[in-house]
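To keep things clear, I will list the structure first and then write my remarks on it.
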Amino acid sequence: MYAVAPAPRLQGRNLLRVSDVTAEELSAILRLAAYLKGRGLNEQLALLRGKTLAMLFEKPSLRTRVSFEVAMTQLGGHVVFAQGNEFSIGSRETPEDAARVLSRYAHAIVIRTHTHEPLARFAEAATVPVINGLSAAAHPCQAIADMLTIEESFGTLAGLCVAYVGDARNNVAISLAEAAVLAGATVHFGAPNSHRPSESFLAWLKRLGKPHGGSARAFANPVRAVRGADVVYTDVWTSMGEEALAERNRAVLAPYRVDKALFAHAAPHAIFMHCLPAHRGEEVTDEVIEGTRSVVFTQAENRMHAQKALLAALLTDLRGIPI
Ligand code: CP
Ligand code: NVA
């Protein structure tokens, strides 16, 4: 007997932030991702046959671009990509006009943009699903792949401690934390005041996680953040578009580098995660990222599996998929 959990509620929806989906929907996407990861390519080809995904990127990308393109191809659909001068949201026309035009060509749209607000306007006006492929405020596709990776390591998210150290205000930290508390994990941020999540975001995480047993705390001391954690996660100290702050970030975030000494405070079974690209020697040492507990390349692979699940859930009714 097949249970088709996410189908009625996700088809046609947008994903701009992790919190656009419920805990149950997130869990259904993860089940679908694990299911698709375990199937042969010949079983997947029909899922998105005849569908076109438009991908519009204002910033560079390796993983997001290629994993979406391969995911779409392996599911039988195809991708149209525009970057840089060809697409900058709101520059040649309003986000609303661009959204209405593109909705007539494509079955779904992935956008990577600097500021989040024009993306939200674009999504509001679009009549096909819009997926955030990274904005300054969120990176939900990364977080879904991260949850898949943690589940593969531990079997569950519930009850785990996920420590994020470094720039705890950035897109990856925000989406990771939302996904982790929705899945019932405890999030520890380790960051100086300049990079600590706002009190309002911490309060939001508390509300979001409470029904699921998830919670979040911020520590100035990186050792306290990491102590006993099951997952230690970091990202670049300076995100795309914030290059003017790079020197300041290097100075204040140096004590938050994930090196062997800091990682040793985590649980003995802890895994190391990074969304990549990594700046080796800055936020993480070679020794940690190349260590036996590092899962960064599985994380990168899981972008593709997670996005297959997301695309299938947003674009189809998932009829016949046993999840
Ligand atoms: N992790 C990630 O989003 O990588 P790209 O910037 O290469 O897409
Ligand atoms: N925080 C980083 C993530 C890159 C995938 C950035 O926005 O540049």
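The values are calculated or read from the model by the stated rules, or taken from the named source; none is laboratory data. Quantities reported herein were computed from a predicted structural model and do not represent experimental measurements. Glycine gets a Cβ as well: all are built from the backbone with ideal geometry, and neighbour counts include every protein chain shown. The area values use the complete protein model at the heavy-atom level, side chains included, leaving out ligands, DNA and RNA. Shrake-Rupley method; radii C 1.70, N 1.55, O 1.52, S 1.80 Å.
Could you count how many residues in the stretch 148-166 are open to solvent by 10 Å² or more (accessible area, probe 1.4 Å) and either over 24 Å from Leu253 (Cβ atoms) or of a type in the set (D, E, K, R) (or both)? Reasoning before the result, please.
Taking the stretch 148-166 and keeping what is open to solvent by 10 Å² or more (accessible area, probe 1.4 Å), we get 151-156, 158-161.
From the residues that got through so far, the ones that are either over 24 Å from Leu253 (Cβ atoms) or of a type in the set (D, E, K, R) (or both) too are 151-156, 158-160.
Residues flagged as open to solvent by 10 Å² or more (accessible area, probe 1.4 Å) and either over 24 Å from Leu253 (Cβ atoms) or of a type in the set (D, E, K, R) (or both) within the stretch 148-166 amount to 9.
Looking at (1) within 16 Å of ligand 1 (Cβ to nearest atom); (2) of a type in the set (Gly, Ala, Ser); (3) at pLDDT below 95, find the lone condition where Ser67 falls short.
(3)
Within the stretch 22-61, restricting attention to residues that are more than 16 Å from ligand 2 (Cβ to nearest atom) and touching a strand residue (DSSP E or B) at 6+ places or on another chain (Cβ under 7 Å), which residue is farthest from Leu314 (Cα to Cα)?
Selected residue: Leu56.
Looking at Leu119, Leu148 in this structure, which one is within 16 Å of ligand 1 (Cβ to nearest atom) and touching a Pro at 6+ places or on another chain (Cβ under 8 Å)?
Values: Leu148 fails: touching a Pro at 6+ places or on another chain (Cβ under 8 Å).
Of Leu119, Leu148, the one residue that is within 16 Å of ligand 1 (Cβ to nearest atom) and touching a Pro at 6+ places or on another chain (Cβ under 8 Å) is Leu119.
Looking for something open to solvent by 50 Å² or more (accessible area, probe 1.4 Å), in contact with a Gly (Cβ under 6 Å, 6 or more places away or on another chain), farther than 19 Å from Leu102 by Cβ and assigned to a loop (DSSP other than H, G, I, E, B) - is there at least one such residue anywhere in the stretch 18-39?
no
Please go through (1) within 24 Å of Ser175 (Cβ to Cβ); (2) more than 14 Å from ligand 1 (Cβ to nearest atom) for Leu45 and return the number of the only condition it doesn't satisfy.
Exception for Leu45: condition (1).
Among the residues of the stretch 299-323, how many are open to solvent by 30 Å² or more (accessible area, probe 1.4 Å) and at pLDDT 95 or above?
Going through the stretch 299-323 one residue at a time, the tally reaches 2.
Only one residue in Val110, Val79 is hydrophobic (A, V, I, L, M, F, W, C), open to solvent by 10 Å² or more (accessible area, probe 1.4 Å) and touching a strand residue (DSSP E or B) at 6+ places or on another chain (Cβ under 7 Å), so which one is that?
Val79
Within the stretch 48-64, how many residues are touching a Ser or Thr at 6+ places or on another chain (Cβ under 9 Å) and either more than 16 Å from ligand 1 (Cβ to nearest atom) or not in a loop (DSSP other than H, G, I, E, B) (or both)?
Residues that pass the stated criteria total 5.
Is at least one residue of the stretch 283-297 touching a Pro at 6+ places or on another chain (Cβ under 8 Å) and either open to solvent by 10 Å² or more (accessible area, probe 1.4 Å) or among the acidic types (Asp, Glu) (or both)?
no
Of the residues Glu124, Glu96, only one is assigned to a helix (DSSP H, G or I) and surrounded by 14 or more Cβ atoms within 10 Å (Cβ to Cβ); which?
Unique residue meeting the criteria: Glu96.
Mind checking which residues of the stretch 240-269 are buried (at least 21 other Cβ atoms within 10 Å of the Cβ) and outside any helix (DSSP H, G or I)?
Scanning the stretch 240-269 gives Val258, Ala266.
Scan the stretch 66-86 and report the pairs whose first residue is of a type in the set (Val, Ile, Thr) and whose second residue is away from ligand 1 (no atom under 16 Å from the Cβ) and in a strand (DSSP E or B), with Cβ atoms within less than 7 Å and a gap of 6+ or a chain change.
Within 7 Å, the pairs are Val80/Thr52; Val80/Ala54.
Could you list, in sequence order, the residues of the stretch 40-58 that are open to solvent by 40 Å² or more (accessible area, probe 1.4 Å), farther than 28 Å from Ile89 by Cβ and in contact with a helix residue (DSSP H, G or I) (Cβ under 8 Å, 6 or more places away or on another chain)?
Once the filter is applied, which keeps residues that are open to solvent by 40 Å² or more (accessible area, probe 1.4 Å), farther than 28 Å from Ile89 by Cβ and in contact with a helix residue (DSSP H, G or I) (Cβ under 8 Å, 6 or more places away or on another chain), the stretch 40-58 yields Leu41, Leu45, Leu47.
Just to be sure, is Arg224 out of contact with any Gly (no Cβ under 7 Å at 6 or more places or on another chain), under 22 Å from Ser294 (Cα atoms), open to solvent by 30 Å² or more (accessible area, probe 1.4 Å) and of a type in the set (Lys, Arg)?
yes
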